[in-house]
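The values are calculated or read from the model by the stated rules, or taken from the named source; none is laboratory data. A quick note: this is a predicted structure, and the numbers were derived from the prediction, not measured. Every residue, glycine as well, gets a Cβ built from its backbone with ideal geometry; the counts of neighbours run over all protein chains shown. Keep in mind that these areas ignore ligands, DNA and RNA; they rest on the heavy atoms of the full protein, side chains included. Shrake-Rupley method; radii C 1.70, N 1.55, O 1.52, S 1.80 Å.
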Amino acid sequence: MPEEDNPIDETYNGHKFDEELLRKIAGHPCYDKKAQHKYGRIHLAVAPKCNIQCNFCVREFDCVNESRPGVTSKVLSPQEALEKTREILADYPFIKVVGIAGPGDPLANDGTFETFELIKKEFPDLTLCMSTNGLLLPEKLQDMLKAGVSTLTVTLNAIDPEIQAKIVNHIVYHGKVYRGVEAAEIQIKNQLDGIKAAVDAGVVVKVNTVLIPGINDKHVVEIARKINELGVYIMNIMPLINQGAFADIEPPTAEERKTVQETCEPYVMQMRHCRQCRADAYGLLAQDMSQMSEERRKLIKINTKEDMERAKELLDKDGKEESCTE
């Protein structure tokens, strides 16, 4: 099912979306491919703590030379995140989505919900989005809904505990460290239960799956089949960034990734325009302004304001012409 042939409909995979959710999907650059060139997002790096250790994950703070998940130049307090949002929206009003994606796991950090509450109170029209490993999703879902989150990404790299045990070194769950298959069983159960509960609650869910050659590459289609049953809206198959314990694994080629996407596409819509954003990214998906020079950001700001002024002039002109014809 090519993305171009998949217009947003009121129902998807047996789940009905109301008008408000349809609006949010159409304005979310990750959920609607057509939105990526019109609408932007801001990631607020307020969640440094993580409760799992993936073998491919290296979290970096105060890093300005890398563009990948888990990286941020600074960890923000909730109040700092609100102030940053104010500043960015004032200059770049095309940003419609505020997300928290790390650099750790948002559900393992109290600052996540405090931040969302502050944003929701001041900017009620923004779409609030979150990315999580899903370990705490079943027990934190009501807090997430209360905070106003309506779009959710869950990273799900395996539904077979034997495979998941090769991907995650350990998890920390309710104060106890688990390893191996036992850890994998806990995480997978919570991920699947949490995804189902989120979908049933009306949240639009995206699943991220890291494609790891030799480990889960033959298994990803099983994930696609399962999340089809759960009502997941879209799937993002991400190429491995070989670092940490997986530094010696060769990442998949673009062609290998494409083949897996095509295999999964009959079961769930595929996101093909992901940029593997930093935890502090903002702007359009292909235009991360957190990594731009001040000069370049100012140019975008000027162009944005000129576009707004031209649009306002056209609206004013159309309004006057309609008045004249009445």
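Key figures for this structure:
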quantity	calculated
Derived scalar couplings ³J(HN,Hα) [the range 107-119; Karplus, 6.51 cos²θ - 1.76 cosθ + 1.60; whole Hz; x for Gly, Pro]	6, 8, 10, 5, x, 4, 6, 4, 5, 4, 4, 5, 5
The range 84-162 - percent of accessible surface contributed by carbon and sulfur, probe 1.4 Å	48
Packing rank of 99-109, 176-186, 192-202, where each peptide gets the mean count of other beta carbons within 10 Å, highest leading	99-109, 192-202, 176-186
Amide H contacts of H170 (H built 1.01 Å from N, under 5 Å, at least 5 apart or other chain)	Q53
Out-of-range pairs (alpha-carbon distance over 29 Å; input K96/K226; K96/K206; K146/K166; K166/K226; K34/K189)	K96/K226; K146/K166; K34/K189
Pair R179, R272: separation of 7 Å Cα→Cβ label points (nm)	4.2
Extension gain from K146 to A254, taking 0.36 nm per residue of separation minus the Cα-Cα distance	34.9 nm
Chain lengthening between A197 and L22 when straightened (0.36 nm per residue, less Cα-Cα)	61.1 nm
Sorted largest first, extent of the range 119-234 alpha carbons per principal axis (Å)	46, 33, 21
Angstrom value of the Kirkwood radius, inverse mean 1/r, which spans all Cα pairs in the range 59-208	16.4
Rounded accessible area per residue of the range 80-235, 1.4 Å, Å²	37
Counting all C-alpha pairs of the range 165-232, share separated by more than 18 Å (%)	47
Separation between Cα centres of the range 211-267 and the range 130-209, rounded to whole Å	17
